[in-house]
Amino acid sequence: HRGLGKMTWVPASNLGWLSYGALKGDGILIVVNTVGAALQTLYILAYLHYCPRKRVVLLQTATLLGVLLLGYGYFWLLVPNPEARLQQLGLFCSVFTISMYLSPLADLAKVIQTKSTQCLSYPLTIATLLTSASWCLYGFRLRDPYIMVSNFPGIVTSFIRFWLFWKYPQEQDRNYWLLQT
């Protein structure tokens with residue numbers, strides 16, 4: 001179940017940004033986050049199908065659904081003013097996105113301690129940088145601080161990971177090469 005932990009919460013982020021986009025009337029946010037939520041849901045279902053420890057995955061998924069229901073209840077029932085709802089939902093989505101971008105920092109401490117980048121994914125680092133930068137530029141274009149600021153940590157953590165790949169190159173990592181053979 002270890003591989004699903006952080007990924008379980010990604011659909012919640014997609015659905016939050018989808019709601020923000022719907023409230024704001026932003027078609028790009030709606031389409032991108034609908035596709036993202038659908039793909040992440042398929043990932044969770046596939047993982048659940050093949051995972052031997054289904055109870056943990058079901059508990060994580062049930063917790064996610066509970067958080068989503070509470071969030072929707074709060075934003076759509078208890079915040080009647082659409083402008084206040086947009087601001088509060090934008091802030092919630094921003095905090096959620098920032099926490100997701102900062103969550104790999106624990107792995108970075110492990111990399112420095114072991115002097116090995118084996119637990120980092122170079123392609124994922126590139127993808128994170130490109131998507132974070134794209135969303136920052138989009139937020140800048142719209143003058144939307146929630147979109148712009150929340151994605152900036154993704155750029156920063158990507159550059160930190162690139163620096164670690166440079167400082168601890170994988171070709172010098174003997175354990176990495178042993179795993180590849």
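Tabulated data for the structure shown
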quantity: Mean Cα-pair separation over length for the chain, i.e. relative contact order, pairs under 8 Å, 6 or more apart, %; calculated: 19
quantity: Residue with peak Gaussian network fluctuation, the chain [Cα springs, cutoff 10 Å], from Arg143, Arg53, Arg85; calculated: Arg53
quantity: Cα-based shape type of region 42-127, given that a ≥ b ≥ c are square roots of the gyration tensor eigenvalues and the cut on a/c is 1.5; calculated: oblate
quantity: Region 1-78: proportion of alpha-carbon pairs further apart than 18 angstrom, %; calculated: 45
quantity: 0 to 90° range, to nearest 10: angle between helix 145-167 axis and the chain longest Cα axis; calculated: 0
quantity: Intensity falloff of the chain expressed as log10 I(q)/I(0), Debye formula with alpha-carbon point scatterers, at q = 0.08, 0.15 Å⁻¹; calculated: -0.31, -0.98
quantity: Distance (nanometres) between label positions extended 7 Å along Cα→Cβ at Tyr74 and Asp107; calculated: 2.8
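Only the coordinates and a few stated rules stand behind these numbers; no lab work does. Model, not experiment: these values are computed from the prediction. Reconstructed Cβ throughout: ideal geometry from the backbone, glycine too, with neighbour counts over all protein chains shown.
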